[in-house]
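Peer 1: Take this structure first; my questions come after.
What follows is calculated from the coordinates using simple rules that are stated; it is not laboratory data. As the structure is a computational prediction, the values presented were derived from the model and not from experiment. Because the Cβ atoms are built from the backbone with ideal geometry, glycine has one as well, and the counts that use them run over all protein chains shown.
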């Protein structure tokens, strides 16, 4: 496998209102200027298109470099952003101000790719929570994507969230940025022991998710279940048969005219860090080649 040295890009993002709308202009204070960390992997030869891979809750883009290399070998330029509150991007750990903020951030990456690849088709690949973000972007920007790949979409999000407690706080609800936990274990994510250790030892992975981000995940999961069929582009859904976080039956219920669902027996949630991850990346690349043409 030829290695492609990734290029690091920082995109400047405007601050958000509590509802996720664009806030005031850029400033150079930590409260006003948010930097989105993006790794870019160049395609072999003339790019046939651009792929943006959106990671799962608590994860970050650099962990998907192996999959990006496989896609690059097939002529796809790949962007690996760290979503706000994750990896090397700014923002409170595990926090999001809602779907509008997520869509704005994904759009910033797409505009950057459009600058580099103005006429090439664009594709989103999403893992877990990132798959819900990909669906939301496709619904909000109809016609902008040539294809969509959803890996273990988080269709039934379940998190451990803070509750009001103590006599003085009995009637005070936790705020939207109050931290909770995904509670996911490395063993739930993958059956690959090496990848379990890699997740546990990575300083940039975490299990934080705030009250607002958790509520957003519930909203996006419901919209994915009901509105995925509205997306005109071809959609591939892949789920592990042993996934405790995305029930295979829930994923299979998404199948439709333009939505193909594939179940991989014995695999768990984090498919691109499972046994046979390279083979799955090749499978995704082959599907993109046929879907996009």
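Peer 1: Under a plain spin-label model, where a point goes 7 Å from the Cα along Cα-to-Cβ, how far apart in nm are residue 156 and residue 185?
Peer 2: Each label point lies 7 Å from its Cα, and together they span 1.9 nm.
Peer 1: Restricting to the stretch 7-292, compute how many DSSP beta bridges are antiparallel as a %, nearest 5. Don't skip to the answer; put the middle values down first.
Peer 2: On the way: 17 of 41 bridges.
Taking every DSSP beta bridge with both residues in the stretch 7-292, the antiparallel ones total about 40 percent.
Peer 1: If only Cα atoms are counted, what is the Rg of the stretch 56-158, and what is its Dmax, in Å?
Peer 2: 13.3, 40
Peer 1: So what is the 222 nm mean residue ellipticity for the chain from helices alone, if each DSSP H run of at least 4 adds -39500 (n - 2.57) and you divide by all residues, rounding to the nearest 500 deg cm²/dmol?
Peer 2: Working: 8 runs with 90 residues, N = 293.
Using -39500 (n - 2.57) per qualifying helix, the result is -9500 deg cm²/dmol.
Peer 1: Quick check on the stretch 101-141: what are the equivalent-ellipsoid semi-axes from the Cα gyration tensor, as sqrt(5λ), descending, whole Å?
Peer 2: On the way: eigenvalues 68, 23, 15 Å².
Gyration-tensor ellipsoid for the stretch 101-141: 18, 11, 9 Å.
Peer 1: Between residue 42 and residue 230, what is the spin-label point distance in nm, taking each point 7 Å from the Cα along the Cα→C-beta axis?
Peer 2: 4.0
Peer 1: With the crude spin-label approximation of a point 7 Å out along Cα→Cβ, what separation in nm comes out for residue 253 versus residue 11?
Peer 2: Once both label points are built, they end up 3.2 nm from each other.
Peer 1: Now a separate question. Rg and Dmax of the stretch 228-273, using alpha carbons, in Å: what are they?
Peer 2: Both quantities, over Cα of the stretch 228-273: 10.9, 31 Å.
Peer 1: For the stretch 7-292, what is the relative contact order in percent, using Cα pairs closer than 8 Å and at least 6 residues apart in sequence?
Peer 2: 18
Peer 1: Any chance you could run the full-extension gain for residue 141 through residue 279? It's 0.36 nm times the residue separation minus the Cα-Cα distance, nm to one decimal.
Peer 2: Details: separation 138, 0.36 × 138 = 49.68 nm, distance 3.08 nm.
Going from the current span to full extension adds 46.6 nm.
Peer 1: For the chain, what mean projected area does the convex hull of the alpha carbons give, in nm²?
Peer 2: Details: hull surface 62.7 nm².
If I average the Cα hull's projected area over directions, I get 15.7 nm².
Peer 1: Right, here's the next one. Between residue 66 and residue 202, what length in nm is gained on full extension when 0.36 nm per residue of separation is reduced by their alpha carbon distance? Numbers along the way, then the final one.
Peer 2: Numbers: separation 136, 0.36 × 136 = 48.96 nm, distance 1.60 nm.
Extra length available between residue 66 and residue 202 comes to 47.4 nm.
Peer 1: Can you give the percent of C-alpha pairs in the stretch 176-293 whose distance is more than 17 Å?
Peer 2: On the way: 4498 of 6903 pairs.
Summing the P(r) tail past 17 Å for the stretch 176-293 gives 65 percent.
Peer 1: OK, next. If I take R0 = 51 Å and measure r between the Cβ atoms of residue 117 and residue 222 in this structure, what FRET efficiency does the formula 1/(1 + (r/R0)^6) give, to the nearest 0.05?
Peer 2: Efficiency, from the Cβ-Cβ distance: 0.95.
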